[in-house]
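As structure tokens, the structure follows; a few thoughts come after it.
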Amino acid sequence: MKIFPAIDLKDGKAVRLFQGDYSQVTVYSEDPVEIAAGFKAKGAKNLHLVDLDGAKDGKLMNFDTIKRIVSDVDLFVQTGGGIRDEERIVQYLELGIGRVILGTIAVKDFGFLCDMVKKYGDKIAVGVDVKDEYVAINGWKEVVDVKGMDFCKQLHDVGVKTVIYTDISKDGALQGTNMEAYDKLSEIKGLNIIASGGVSFENEISELKDKGIYGAILGKALYSGMLNLERAIELGGN
């Protein structure tokens with residue numbers, strides 16, 4: 001199972017939000033490139049980058065920071081946050097981003113998502129953010145009448161290879177992830193599921209791996225010291 005340490009970007013800094021709340025921000029570093037290099041030094045091969053400014057208002061606020069990370073640190077990088085048109089997708093892929101994550105636009109314009117999957121294949125992933133079983137969009141500010149599980153099945157049916165599934169209620173709380181959801185998601189054969197939101201304990205990494213989950217994103221648990229990245233990579237086996 002692939003381990004993705006996470007860097008959330010806001011105003012060019014590495015931060016974490018609590019359950020997606022932009023008023024509850026903790027700044028961890030003024031230099032996200034240094035954070036990424038530190039992850040690599042501990043054995044990371046993958047990185048999950050989120051442009052929080054982009055997720056909130058669609059503006060490309062952290063492009064230069066993302067460019068520096070990709071050029072300076074040799075990691076497979078997947079990134080999301082405010083990617084709502086093909087121009088943005090192309091900008092990121094030309095930078096050397098390995099996988100672009102669509103969120104809000106995948107819900108609001110499913111036809112666009114299908115077109116991008118046909119054009120760019122497995123370089124397109126979808127972030128499915130769920131609140132009380134229903135999909136949330138626009139930086140988690142709006143919940144739509146679509147169940148997360150149903151949406152994941154629909155994504156699989158149109159050729160999406162990778163889904164990042166986040167239970168918002170677990171995100172940043174350091175109380176564990178929604179293991180029941182990943183039980184159900186593991187039944188969608190042929191869909192790579194990346195667990196996100198609240199992964200906090202070593203046994204969760206082992207359990208997710210045993211379920212056949214493709215990857216796990218580690219955020220606050222790493223920054224707070226609850227999880228050790230080297231140990232997590234060892235448990236994940238990547």
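The values are calculated or read from the model by the stated rules, or taken from the named source; none is laboratory data. If you're wondering where the values come from, they're calculated on a predicted model, not measured in any experiment. Here Cβ is always computed from backbone atoms with ideal geometry, including for glycine, and neighbour counts include all displayed protein chains. SASA here: full protein model, heavy atoms, side chains in, ligands and nucleic acids out. Shrake-Rupley method; radii C 1.70, N 1.55, O 1.52, S 1.80 Å.
A compact table of results
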quantity	calculated
Tabulated pairs, segment 190-211, first open to solvent by less than 50 Å² (accessible area, probe 1.4 Å), second outside any helix (DSSP H, G or I) and among the basic types (Lys, Arg), C-beta under 6 angstrom, 6+ apart or interchain	none
Qualifying residue in segment 148-160 (condition: touching a residue at least 60 places away in the same chain (Cβ under 8 Å) and of a type outside the set (Gly, Ala, Ser))	no
Residue match in segment 79-100 (condition: in contact with a Gly (Cβ under 6 Å, 6 or more places away or on another chain), modelled with pLDDT of 95 or more and aliphatic (A, V, I, L, M))	no
Complete set of residues in segment 13-25 that are loosely packed, with under 15 Cβ neighbours inside 10 Å and more than 25 Å from Gly215 (Cα to Cα)	Ser23, Gln24
Scope segment 1-11; condition surrounded by 15 or more Cβ atoms within 10 Å (Cβ to Cβ) and not aromatic (Phe, Trp, Tyr); matching residues	Met1, Lys2, Ile3, Pro5, Ala6, Ile7, Asp8, Leu9, Lys10
Verdict on Asp53 being charged (D, E, K, R) and in a strand (DSSP E or B)	no
Extreme residue, modelled with the lowest pLDDT, among residues of segment 26-50 that are in a loop (DSSP other than H, G, I, E, B) and open to solvent by 30 Å² or more (accessible area, probe 1.4 Å)	Glu30
Condition met for Ala181 (under 21 Å from Tyr28 (Cβ atoms), buried (at least 16 other Cβ atoms within 10 Å of the Cβ) and touching a Phe, Trp or Tyr at 6+ places or on another chain (Cβ under 9 Å))	no
Residue list for segment 56-66, restricted to those being part of a loop (DSSP other than H, G, I, E, B) and crowded, with 18+ Cβ neighbours inside 10 Å	Gly58, Met61, Asn62
Tally of residues being open to solvent by less than 50 Å² (accessible area, probe 1.4 Å) and farther than 21 Å from Ala36 by Cβ across segment 212-234	1
Extreme residue, farthest from the chain's Cα centre (by Cα), among residues of segment 95-111 that are among the hydrophobic types (A, V, I, L, M, F, W, C) and either closer than 18 Å to Lys161 by Cβ or surrounded by 20 or more Cβ atoms within 10 Å (Cβ to Cβ) (or both)	Phe110
Number of positions in segment 5-29 that are in contact with a strand residue (DSSP E or B) (Cβ under 7 Å, 6 or more places away or on another chain) and aromatic (Phe, Trp, Tyr)	2
Sole residue being more than 13 Å from the chain's Cα centre (by Cα), aromatic (Phe, Trp, Tyr) and closer than 30 Å to Ala41 by Cβ, chosen from Tyr120, Tyr92	Tyr92
Of all residues in segment 67-88 being touching a residue at least 60 places away in the same chain (Cβ under 8 Å) and within 22 Å of Asp115 (Cβ to Cβ), the one that is surrounded by the fewest Cβ atoms within 10 Å (Cβ to Cβ)	Gly80
Residue check for Glu180: assigned to a helix (DSSP H, G or I) and out of contact with any Leu (no Cβ under 9 Å at 6 or more places or on another chain)	yes
Test result for Ala136, modelled with pLDDT of 95 or more, hydrophobic (A, V, I, L, M, F, W, C) and within 15 Å of the chain's Cα centre (by Cα)	no
